[in-house]
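Novice: Please see the structure below; I have some questions.
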Amino acid sequence: MIKSLLLNSALLLALAGNLPAAERPAPPNVLFIAVDDLNDWVGCLGGHPQAHTPNMDRLAARGTLFRNAHVQSPLCNPSRASLLTGLRPSTTGIYGLAPGIRAVDSLKDWVTLPQYFAQHGYFTAGFGKIFHDGSIPKNLQTNEFNVWGPAPGMPTPKEKFVHTPATMNAMDWGVFPPDDRQQADWKTAENAIAQLNSRPADKPFFLAVGFRLPHVPCFASQKWFDLIPAEDQIILPPVKDHDRDDTPEFSWYLHWKLPEPRLSWLQSANQWRPLVRAYLASTTFMDSQLGRVLDALAASGAATNTVIVLWSDNGWHLGEKAITGKNTLWNPSTHVPLIFAGPGVTGGAKCGQPAELLDVYPTLVELCGLPARTGLEGHSLAPQLKDPRSPRPWPAITTHNVGNHTIRTERWRYIRYADNSEELYDIQADPNEWTNIVANPKFTAVVKDLAQWLPKTNTLPVPGSASRVLTQTNGVWYWEGKIIRPEEKED
Ligand SMILES: [Ca+2]
Ligand SMILES: [Ca+2]
């Protein structure tokens, strides 16, 4: 009886009001773990059969895993800005690697997730990559977290391991550095553990830990590569030849200019398997650092009263639809791990209903018994954390640049681009999103139904920000100043 009362934060609050301070149950702490560019290639999600993530899997086993969670933007800055503000990219106008939230007039004083916890008596600290690098000016950082800890960068080898074409300059992968302690994620785990062990005794904590891997460069020492099968044993993701042929011209136009290595180069240079292996190995290393933090939480004695959430800011293609990288509205870019564990969360549960990273803010607020925050665009997942079958009417919506959206339900993925071209996939029949069925009249009603969820607001990005904008002049559509016509597509 007492246990079930403790699980109910509404009752908990009501009870707490009648108890003398000394007898009130302590509000739960929050351990908030962000991962960078991790797609669904983790053991508990089954996205790749050779993924080795024992620590994420044990976290999922003691908590609830959302199997159908999607980002609001398939790119670091806008995805993180959305989760931390609780607002969609189409509402804030943050679509690209800039601006940071405080450079947008409407968000200058917006109370972010960690700030909301600080306002309600929490000690807040963030280590590693939480906000996008450089998106919060130095003089404002301690407004965001009580302790804005170091966010070390990746170690840099003397020269690149992989001699990629110039358009793929940011990409590298290989066995490096020799000592794990040189890794950004090792240092971030170390800093977070030190903070955990020197936390204020009189306040609950909100501790944010942001890991960088498997974001490129995909580096790990030999030890972690050894946990992944040898190169010639690596299983490649399922890729269909000419998969892009049935996608609208605009989808190609939207993505093709990005500095992504193309599958054709990986194939001709015999680098596809090495990249897949390095992505898996660097994920396994990152997972080991997650393990260190989880072990430290257990050793600290705070684990039973700490809500843990783990999420990744966007996925990553490794050859699907002929590209690698993110910045697309397809599953490899949008589908990410989302795990909750701790008080108020059912252990060992999996929820297949759509969830959004936008839901993290209201969910943590509810799980910790804070007053509900108005103005957020996500929905608390607390009902699904209690019972994964609890119904949820909302789909997951991902936006990439102005006016391009995808709607994901349990069964369907619908995409509408800014020029009104569309894609529809039946995920149950076609989990790889290979066959665009939007033109089939059989699905007209499905499309109509899904299209109702498209955001009604499409805020233009602030001038000078790193976003792409579609414009129309005299009936002609322009994308970054170029007329959009199939015959003018560059290749
Ligand atoms: Ca990212
Ligand atoms: Ca196709």
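Read-outs throughout are calculated quantities, based only on the coordinates presented, and are distinct from any laboratory measurement. Predicted model only: the values in this text are computed from it and were never measured. FYI the Cβ positions are ideal-geometry reconstructions off the backbone, even for glycines, and counts take in every protein chain you see.
Novice: Arrange the following residues from fewest to most other Cβ atoms within 10 Å of their Cβ: Ile397, Ile407. Intermediate results must be reported in sequence, preceding the final value.
Specialist: On the way: Ile397 22, Ile407 25.
Final ranking by Cβ density, sparse to dense: Ile397, Ile407.
Novice: Let me ask you something else. Based on the alpha-carbon set only, what is the convex hull volume of the chain divided per residue, in Å³?
Specialist: Numbers: hull volume 75.1 nm³, N = 491.
Spelled out: Cα convex hull of the chain, divided by residues, is 153 Å³.
Novice: Quote to one decimal, in nm, the extra length available between Trp110 and Ala299 on full extension: 0.36 nm per residue of separation minus the C-alpha distance between them. All intermediate terms of the calculation are to be shown ahead of the outcome.
Specialist: Working: separation 189, 0.36 × 189 = 68.04 nm, distance 3.57 nm.
Separation in residues times 0.36 nm, less the Cα-Cα distance, equals 64.5 nm.
Novice: Quote the relative contact order of the chain in percent (integer), defining contacts as alpha-carbon pairs under 8 Å separated by 6+ residues. Show your work: numbers first, answer last.
Specialist: Details: 1015 pairs, mean separation 121.6, N = 491.
Relative contact order comes out at 25 percent.
Novice: Okay, moving on. Of the peptides 411-422, 445-456, how do they stack up when ordered by the mean number of other Cβ atoms within 10 Å, highest first?
Specialist: Numbers: 411-422: 19.9, 445-456: 13.8.
Those peptides, ordered most packed to least, come out 411-422, 445-456.
Novice: Ranked highest first by the average count of other Cβ atoms within 10 Å around their residues, in what order do 216-225, 77-86 fall? Intermediate values should be presented prior to the final figure.
Specialist: Working: 216-225: 21.7, 77-86: 26.6.
Listed from highest to lowest mean packing, they are 77-86, 216-225.
Novice: For Gly93, list long-range residues whose amide hydrogen, built 1.01 Å from N in the peptide plane, is under 5 Å from its own amide hydrogen.
Specialist: Result for Gly93 returns Thr459.
Novice: Still on this structure: Please identify the DSSP H helices in the chain that span no less than 15 Å along the helix axis (Cα) and have a mean Kyte-Doolittle hydropathy of 1.0 or more.
Specialist: Numbers: long enough: 184-196 (18 Å, -0.31); 272-300 (42 Å, 0.31).
Span-like helices, by this rule, are absent here.
Novice: Sort His52, His70, His400, His163 by Cβ crowding within 10 Å, fewest neighbours at the top.
Specialist: Working: His52 20, His70 28, His400 31, His163 10.
With the sparsest Cβ surroundings first, the list reads His163, His52, His70, His400.
Novice: By the gyration tensor of its Cα atoms, with a ≥ b ≥ c the square roots of the eigenvalues, what is the shape of region 145-208: rounded for a/c under 1.5, prolate for a/b over b/c, or oblate?
Specialist: Numbers: a/c = 4.81, a/b = 2.64, b/c = 1.82.
The shape class here is prolate.
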